[in-house]
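The values are calculated or read from the model by the stated rules, or taken from the named source; none is laboratory data. All values reported here derive from a predicted model rather than from experimental measurement. Ideal geometry is used to build each Cβ from the backbone, glycine not excepted, and the neighbour counts take in all protein chains shown. Keep in mind that these areas ignore ligands, DNA and RNA; they rest on the heavy atoms of the full protein, side chains included. Shrake-Rupley method; radii C 1.70, N 1.55, O 1.52, S 1.80 Å.
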Amino acid sequence: MSSDISIHIIGGGIAGLTTAIALRKYGFPVVLFEQSGQFADVGAGVTIGPNASRVLIALGLEEKLAPYARTPRHAGVLHFRTGENISYALRGDNYSAEFGSPFWHIHRADLLKVLVDALSDDAAVELRLNHEVNHVAQSGDKVVSEFSGGVSASCDVLIACDGIKSVIRETLFSNEPPAFTGYVAWRGLVDIDSLPGFEIDPDFALYAGPGKMFARYGVRNQSLINYVAIAMKKDWQAEGWSVRSKVSEVAAEFAGWCEDVQKIIAATPVDHCFKWALHVREPLSGWVKGRVALSGDAAHPMTPFLGLGAGIGIEDGLVLARAFSLSDDWRTALARYEKARIEHAAFAQRESARQGLHLLGKKPAPDAGGDKRLYNEDTLGLYAYDATSVEI
Ligand SMILES: Cc1cc2nc3c(=O)[nH]c(=O)nc-3n(C[C@H](O)[C@H](O)[C@H](O)COP(=O)(O)OP(=O)(O)OC[C@H]3O[C@@H](n4cnc5c(N)ncnc54)[C@H](O)[C@@H]3O)c2cc1C
């Protein structure tokens, strides 16, 4: 397809930025609009599985990510009350050997910085901050986005990467609101120096107890411990989805859990304790309406139990760009993108929900066979997915 097509991306999160980099790899100019005044994500870590690192490496980012990304040497499931190892698996290079690409832990701000830097000096990229889209309409051969403040912009094709609360999804695809999953998550980053004598071993630790889980790993050369603590809750009464939380609230929730969990929670800086109501949306039957396509959480928001939401959005970006490079026109490109991705993402959404029940629910998932090692992102084939070569 001719590279004089104009493609706009709405949303500068992990999915939108990766999509922009992938489109540039195939020679398409992009304009990306982000509502915030800066590119920023929540202050937390993110796991990047081999399925996603494969894409970031294919996009030429391995060297830039190297100072920030760390491959965990081992991963363990630990008893929530005693802290004893229930299972302990060597990771390290095993993922590269098995899936052809590494597993990484990284701070979200570092990942975002590398993605933004990859676009910054490119004359064929426009990054427009402070642009909040509030309406999108298609007429004739254009898509017109209207932004707060009365500005508008038109393009040939628009990729909506505006996250789970996507205005574009609600305007063009489905106005069904995101549903509260019944899980509340607390996230924290704790300075390792505030935990004298604490060893990050195993590198990734998951403690799963009845109705709750706590996962932690190190980021920034193990100088910070990132944790996600999740509990089942009947309702969510706070205003908004992400609110400041008291450290004492998390501590009370995990009272009686093993010493390491309690120590980490207690060391959370008071002004850095937030909680999220985890919401999802049902898989859609289509991601393309005319000249508009959904991507990332706007297309497939999922619970975090497989640690894959961002990774699936990263895959979207490369598959979309490949579809454009292989097709003669935008309509075919969008159709090929949707066909290649929609079932795969819906599978990840469903499996992630099932993993939540498996880890926190009273009943294990039906096929779990009582052995948690048999049911995870490796065994589901999600790490083996290869966005660089998947048939389009
Ligand atoms: C507790 C928790 C832990 C997680 N852990 C992991 C993990 O370890 N690994 C993993 O792969 N995934 C994880 N995820 C999922 C992951 O965070 C998301 O899937 C991912 O961040 C989604 O990226 P995105 O770019 O699609 O959306 P977002 O990150 O939501 O980005 C959307 C962007 O669009 C912008 N935007 C929104 N609306 C507008 C608008 N109207 N106009 C202009 N711009 C707009 C926003 O400001 C934002 O920058 C986790 C999620 C949670 C809740």
Query raised in the report: Given a cut-off of under 8 Å on Cα pairs at least six residues apart, what relative contact order in percent is computed for segment 55-203?
Result: 18
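If the chain between Asp235 and Tyr26 were fully stretched, how many nm would it gain, using 0.36 nm times the residue separation less the Cα-Cα distance?
Values: separation 209, 0.36 × 209 = 75.24 nm, distance 4.59 nm.
Residue separation times 0.36 nm, minus the Cα-Cα distance, leaves 70.7 nm.
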Query - Charge dipole (debye, nearest 20) of segment 180-279; +1 at Cβ of Lys and Arg, -1 at Cβ of Asp and Glu - result: 380
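Over the chain, calculate the relative contact order: mean separation of alpha carbon pairs under 8 Å at least 6 apart, over the residue count, as a percent.
Values: 830 pairs, mean separation 85.5, N = 392.
Over the chain, the number comes to 22 percent.
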**Report entry** Carbon + sulfur, % of accessible area of the chain - ligands and nucleic acids excluded, 1.4 Å
**Finding:** 49
Report task. Quick one, can you get me the convex hull of the C-alpha atoms of segment 89-163 expressed as volume per residue in Å³? Result -> 181
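Over segment 19-72, what per residue volume does the convex hull of the Cα atoms give, in whole Å³?
114
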Query raised in the report: Taking the DSSP beta bridges in the chain as the whole, what percent of them are antiparallel, to the nearest 5?
Result: 75
Requested in this report: Over 18 Å between C-alpha atoms is what I'm after, so list which of Lys165/Lys339; Lys25/Lys64; Lys25/Lys142; Lys212/Lys233; Lys165/Lys234 land there.
Outcome: Lys165/Lys339; Lys25/Lys142; Lys165/Lys234
Requested in this report: Treating the Cα atoms of segment 180-279 as identical point scatterers in vacuum, please give the log10 of the normalised Debye intensity I(q)/I(0) at q = 0.18, 0.25 Å⁻¹, two decimals.
Outcome: -0.81, -1.46
Query raised in the report: At q = 0.10, 0.11, 0.15 Å⁻¹, what is the log10 ratio I(q)/I(0) for the chain, with the Debye formula run over Cα points and no solvent?
Result: -0.64, -0.78, -1.43
Query raised in the report: When Lys and Arg each count +1 and Asp and Glu each count -1, what net charge do the other residues less than 14 Å away from Gly43, Cβ to Cβ, add up to?
Result: +2
**Report entry** Spin-label model distance (nm) - Glu176 vs Asp117, 7 Å beyond Cα toward Cβ
**Finding:** 4.2
Report summary line: In nm, the gap between the two label points placed 7 Å beyond Cα toward Cβ at Gln262 and Ser152 is 6.1
Query raised in the report: Size of the dipole of segment 1-137 about the Cα centre, Lys and Arg at +1 and Asp and Glu at -1 on the beta carbon, nothing else charged, in debye to 20?
Result: 400
Report task. Compare the Cα positions of Ser120, Leu61, Thr82 along the charge dipole of the chain (+1 at Cβ of Lys, Arg; -1 at Cβ of Asp, Glu; about the Cα centre) and return the one farthest towards the positive end. Result -> Thr82
Report summary line: In this structure, the FRET efficiency calculated for Ser194 and Glu84 from their beta-carbon separation, with R0 = 22 Å, to the nearest 0.05, is 0.35
Report summary line: From DSSP H assignment alone, runs of 4+ in the chain each adding -39500 (n - 2.57), the sum over residues rounded to the nearest 500 puts [θ] at 222 nm at -8500 deg cm²/dmol
